[in-house]
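The values are calculated or read from the model by the stated rules, or taken from the named source; none is laboratory data. Just so you know, these numbers come straight off a predicted model, no measurement behind them. Ideal geometry is used to build each Cβ from the backbone, glycine not excepted, and the neighbour counts take in all protein chains shown. Side chains are part of the model used for accessible areas, which takes the heavy atoms of the whole protein and leaves out ligands, DNA and RNA. Shrake-Rupley method; radii C 1.70, N 1.55, O 1.52, S 1.80 Å.
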Amino acid sequence: MGKATASVFLRAGAKVVLADLKAEGAQTAEELSALGDIRFVQTNVSKSDDVQNLISETVKAFGRLDVAVNNAAMNPDKTPLVDFDEEYWKKVLDVNLTGTALCCKYEMQQMLKQKSKGSIVNIASVNAYMTQPLMPAYTASKHALLGLTKHAATEGGPAGIRVNAVAPGAIYSEMSARALKIIGATPEEFAPKISSLNRFGEPHEVAQGSLWLASDSSSYVNGICLPIEGGCMSKW
């Protein structure tokens, strides 16, 4: 979804900084460079110094920060709560929640310094609203992300900084493929259970929601979470 988001924003005319824990993100940026101006900064969002460096490099490259999409996340856990892996719980919360909080912190600081409006989009999940088997840490982190988004919106709103979230449902990606292996199902078997459209969503469909929330087309939208889930929640 991160790659699709970068692609959609580039096509809309944005200048993009792509961040990833893995150095392979540089190759992704190179692949997308034909679409527009894109840079790569290797970043571990759970580390404050890395996030501050990401913002600094963005401003160094483009002079300012107007929009941020906080998309980084750990793979879902795969144990029941009564037997959860405490070390993996910490890793999931460090990236999914603390990492997003650190990104919001330093993104908002830069936007406040610029004294201009801005927009932040946090990527949540339908797990922010409902549970699925064997994902206690992931579900807890995504529920908490909604609270973080609402709080950030109340702080940023008076300064013209809008903070919203997107809740993807079953979007076909490397992460969802791994999740399907965890629960032992194929995409064809699982799709009718999680979408009234009887299919998985595509990463670019989530990216379009992020683009709308980031743009002036949603200028009076603040503190909400936009579900992009193909009717998933109506089936629960």
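Mind jotting down a quarter of the surface of the convex hull over the alpha carbons of segment 61-110, in square nanometres, one decimal?
Details: hull surface 17.5 nm².
Approximately 4.4 nm², given one-decimal rounding.
If the chain between K150 and E87 were fully stretched, how many nm would it gain, using 0.36 nm times the residue separation less the Cα-Cα distance?
The span from K150 to E87 would gain 19.9 nm if fully extended.
Of the listed peptides 220-227, 36-43, 183-190, what is their order by residue-averaged count of other C-beta atoms within 10 Å, with the highest listed first?
36-43, 220-227, 183-190
Using Cα centres only, tell me the gap between segment 1-70 and segment 170-219 in whole Å.
22 Å
Counting only protein heavy atoms and using a 1.4 Å probe, what share of the accessible area of segment 86-236 belongs to carbon plus sulfur, as a whole percent? Don't skip to the end; give the middle numbers.
Details: 4140 of 7150 Å².
Answer for segment 86-236 is 58 percent, counting heavy atoms of protein chains only.
Using only the heavy atoms of the protein chains and a 1.4 Å probe, how would D77, D66 rank by accessible area, largest first?
Of D77, D66, the descending order of accessible area is D66, D77.
Any idea of the accessible area per residue across the chain, 1.4 Å probe, to the nearest Å²?
Result: 50 Å² per residue.
Relative contact order, percent, of segment 1-120 when contacts are C-alpha pairs under 8 Å separated by at least 6 residues?
24 percent
Hey, which of these cross-link pairs are over 30 Å Cα-Cα: K3/K142; K91/K181; K22/K115; K60/K181?
Exceeds cut-off: K22/K115; K60/K181.
Count the net charge of all other residues whose Cβ sits under 14 Å from the Cβ of L134, scoring Lys and Arg as +1 and Asp and Glu as -1.
Neighbour charge sum, excluding L134 itself: 0.
Could you state the angle between the C-alpha long axis of helix 174-183 and the longest principal axis of the C-alpha atoms of the chain, as a value from 0 to 90 degrees rounded to the nearest 10?
Long axis of 174-183 versus the principal axis of the chain: about 20 degrees.
Relative to the longest principal axis of the C-alpha atoms of the chain, give the angle of the C-alpha long axis of helix 48-62, reported between 0 and 90° and rounded to the nearest 10°.
With both axes taken from Cα atoms, the answer is about 50 degrees.
Using a cut-off of 11 Å between beta-carbons, work out the net charge of the residues near V121 (Lys and Arg +1, Asp and Glu -1, V121 not included). Write out the running numbers ahead of the final one.
Details: positive: R162; negative: E107.
My count for the surroundings of V121 gives 0.
In Å and from the alpha-carbon atoms only, list the Rg and Dmax of the chain.
Final numbers for Rg and Dmax: 17.2, 50 Å.
Working out 0.36 nm times the residue gap between K181 and A23, then minus their Cα-Cα distance, what length gain in nm do you get to one decimal?
Numbers: separation 158, 0.36 × 158 = 56.88 nm, distance 2.59 nm.
Result for the pair: 54.3 nm of gain on full extension.
Would you mind telling me the share, in percent, of accessible area of segment 1-68 contributed by carbon and sulfur at probe 1.4 angstrom? Before the final figure, lay out each step's value.
Numbers: 1710 of 3710 Å².
For segment 1-68, the apolar C and S fraction of the accessible surface comes to 46 percent.
For a label point 7 angstrom out from the Cα of T131 toward its Cβ, which stretches of segment 192-236 have the backbone nitrogen within less than 19 Å?
What the label zone holds, given the 19 Å backbone N cut-off, is 194, 233-236.
Listed highest first by mean packing, meaning other Cβ atoms within 10 Å per residue, what order do 118-131, 146-159 come in?
Most protected by this proxy first, the peptides run 118-131, 146-159.
Using modelled amide H (1.01 Å from N, peptide plane; none on Pro or chain starts), what sits under 5 Å from the amide H of I171, excluding residues fewer than 5 places away?
Close amide H contacts, sequence-distant or interchain: G201.
Using 0.36 nm times the number of residues separating T79 and A61, minus their current alpha carbon distance, what extension gain do you get?
2.2 nm
Calculated FRET efficiency, L197 and S48, Cβ-Cβ r, R0 35 Å, to nearest 0.05?
Result of the calculation: an efficiency of 0.30.
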